[in-house]
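Notes to accompany the following structure.
The values are calculated or read from the model by the stated rules, or taken from the named source; none is laboratory data. As the structure is a computational prediction, the values presented were derived from the model and not from experiment. Cβ: placed from backbone, ideal geometry, glycine included. Neighbour counts: every protein chain shown. When the accessible area is computed, the model is the full protein with side chains, heavy atoms only, and any ligands, DNA or RNA have been set aside. Shrake-Rupley method; radii C 1.70, N 1.55, O 1.52, S 1.80 Å.
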Amino acid sequence: MMKNTGNRRPPWDEYFANIIEVVATRSTCIRHQFGCVIINEKNEIISTGYNGPVRGAPHCDVTGCIKDENGIESGMGHGICPAVHAEQNALLQAGKQSVGATLYVNGFPCKICARLIVNAGIKRIVTSGEYTDLEGLEILDNAGVIVSKLRKCEAEI
C-alpha cells in the first residue's frame, strides 16, 4: 500500500490549465503566448496547440510584429497577422476526435476560433485567461458550448 505523502493532487481543470501554460511557451508571438489542449471524456490529451506562423514561415520574434508596426489593437486585424491561433492548431491535430471533447485555453477564443470550435463539435471550454475579442463568447453561447472560467477573469462569461 502506498503512503500518502501529503502532495496535493490538482483537479483536472487545474491540471490541464497548467499544461496549457507550458504549451504556450512554444509560441513566438511578441504580443501574447497562447496555449491550448484538447482532451476527451476520459481526460486523455488528444492534441495541443500554440499560436505562431504557418510551418516553415519566419517567426514574429525574428521578423517583428506586423500588427505592432501598423498600430493594430489586440483582438483586431486577424487577417493581417500571419499567426495560426493555438485553438486552430489543436483542432487541426485533433481532427474528428474533437467531437464531444473539452478544450482548455489561456484566453477567450476569438470569433474565428469560436466558429471552428463549434463546427469541430467541442462541447466544453475551460479558460484560464482573457482576450480582448469577446465576440467569440457570444458565438459559443449561442451554439450551446459550455464555457467555464478557471480563474477570476475581468470579463463576464
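Close Cβ contacts (under 8 Å, 6 or more residues apart or on different chains) running from residues in segment 5-28 that are without any contact (Cβ under 8 Å) to a residue 12 or more places away in the chain and more than 13 Å from Val105 (Cα to Cα) to residues that are of a type in the set (Phe, Trp, Tyr) and part of a loop (DSSP other than H, G, I, E, B) are absent. Within segment 1-32, the set of residues being closer than 14 Å to His85 by Cβ, at pLDDT 95 or above and either open to solvent by 40 Å² or more (accessible area, probe 1.4 Å) or in contact with an Asp or Glu (Cβ under 8 Å, 6 or more places away or on another chain) (or both) comprises just one member, Arg26. Filtered by the rule that a residue be out of contact with any Gly (no Cβ under 7 Å at 6 or more places or on another chain) and either open to solvent by 40 Å² or more (accessible area, probe 1.4 Å) or not hydrophobic (A, V, I, L, M, F, W, C) (or both), segment 105-122 gives Ile112, Arg115, Leu116, Val118, Asn119.
Within segment 87-104, the only residue that satisfies the criterion of being open to solvent by 40 Å² or more (accessible area, probe 1.4 Å) and either closer than 17 Å to Ala143 by Cβ or not in a helix (DSSP H, G or I) (or both) is Val99.
Here Thr63, Thr102, Thr48 are screened, and the one residue that is hydroxyl-bearing (Ser, Thr, Tyr) and at pLDDT below 95 is Thr63. Kindly evaluate Ile45 against the criterion of being of a type in the set (A, V, I, L, M), over 16 Å from Tyr131 (Cα atoms) and out of contact with any Leu (no Cβ under 9 Å at 6 or more places or on another chain). So Ile45 passes the test. If the condition is being buried (at least 20 other Cβ atoms within 10 Å of the Cβ) and assigned to a loop (DSSP other than H, G, I, E, B), then segment 39-66 contributes only Asn51. The single condition among (1) part of a loop (DSSP other than H, G, I, E, B); (2) closer than 15 Å to His32 by Cβ that Gly144 does not meet is (2). Gly64 meets each of the listed conditions (1) in contact (Cβ under 8 Å) with a residue 24 or more places away in the chain; (2) within 21 Å of Ile39 (Cβ to Cβ) apart from (2).
In segment 67-86, of all residues being in a helix (DSSP H, G or I) and out of contact with any Gly (no Cβ under 8 Å at 6 or more places or on another chain), the one that is most open to solvent (accessible area, probe 1.4 Å) corresponds to Glu69. For segment 123-137, filtering for residues that are in contact (Cβ under 8 Å) with a residue 24 or more places away in the chain and either open to solvent by 70 Å² or more (accessible area, probe 1.4 Å) or in a loop (DSSP other than H, G, I, E, B) (or both) leaves 8.
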